[in-house]
Amino acid sequence: MFKKISIAAIIAIVFLGLGIFIGIKISKKPIPQGAATNAENTYQAGWDAAKARLSQSPMGRIIPEGMEIRNISGSIQKIEGNKVIVKINLTDPLSDPALDIRIVTIDSNTKISLNAQKDPAQFQKDMQEFQDKMKAQQGQVDASVQQAPLFPPMSFEQKEIKISDLKENQQVSVIANENIKDKKEFIAAEINAEETGVTAAAQTSSVSDLNVAPVVTKIQE
């Protein structure tokens, strides 16, 4: 009885070892090229289907297919000579991740400006002039006269700067003279930088902050 059990155990061990050996051999075999290609095709087909479905939704229609993009915005990651590395603010969730970082070249024709905070005294003067115009127009709106909107003054003004004035982590908007939707590197026509440490919400004076409604200026015919 013991002899029969021993023989059975030996046979089982032999077959187990043979199975493990064959399994290792199979696992080391490369995946056939056809199978890999089929997997890639299946993935691409699914990706294309997802993009097509998203393009039919309101979110996907924010940036229509084939629409040219000539401006981007984002933060400066690095400045290397006349090249500014910008991490863009994502607008298309299905865009190529490789284009999240753009290389913006500055040449002699590139205009660089800074949204700088206006002198408080000057801004107060501009605001007073705006309020005086509003008071002068109250009760004087003539329906027969063409009207143009009157907006409160900006609390910021644009100043021309040089590439040496740009800083890492600074928010910028970039304009090009060509379609840059799929371009990793391009020449900038304009670069507009935001003053560091200033939030976008503080860059303009809104009508709501003044607790007044937008008014119009009469234009004489």
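FYI, it's all coordinate maths here, none of it is from the lab. The shown structure was predicted, so the numbers you read here are calculated from the model rather than taken from an experiment. Because the Cβ atoms are built from the backbone with ideal geometry, glycine has one as well, and the counts that use them run over all protein chains shown.
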Expected unfolding gain across Ile101-Asn71 under the 0.36 nm per residue rule, minus the alpha-carbon gap, is 9.4 nm
Counting sequence-distant residues (5 or more places) and residues on other chains, those with an amide H built under 5 Å from that of Ile69 are Ile180, Lys181
Rounded to the nearest 5, the percent of DSSP beta bridges in region 78-140 running antiparallel is 100 percent
Residue by residue through region 99-114, the couplings from Karplus 6.51 cos²θ - 1.76 cosθ + 1.60 with θ = phi - 60°, in Hz, x for Gly and Pro, are 9, 5, 10, 10, 9, 9, 8, 10, 10, 5, 9, 6, 9, 10, 9, 10
Taking R0 as 30 Å and r as the Cβ-Cβ distance between Asn89 and Lys135, the FRET efficiency 1/(1 + (r/R0)^6), rounded to the nearest 0.05, comes to 0.15
In the structure shown, of Lys87/Lys118; Lys83/Lys159; Lys111/Lys184; Lys118/Lys167; Lys118/Lys159; Lys162/Lys184, the pairs separated by more than 18 angstrom at the C-alpha atoms are Lys87/Lys118; Lys83/Lys159; Lys111/Lys184; Lys118/Lys167; Lys162/Lys184
Given the candidates Gln128, Ile69, Ile85, the one whose Cα lies deepest towards the positive end of the charge dipole of region 68-140, counting +1 at each Lys or Arg C-beta and -1 at each Asp or Glu C-beta, is Gln128
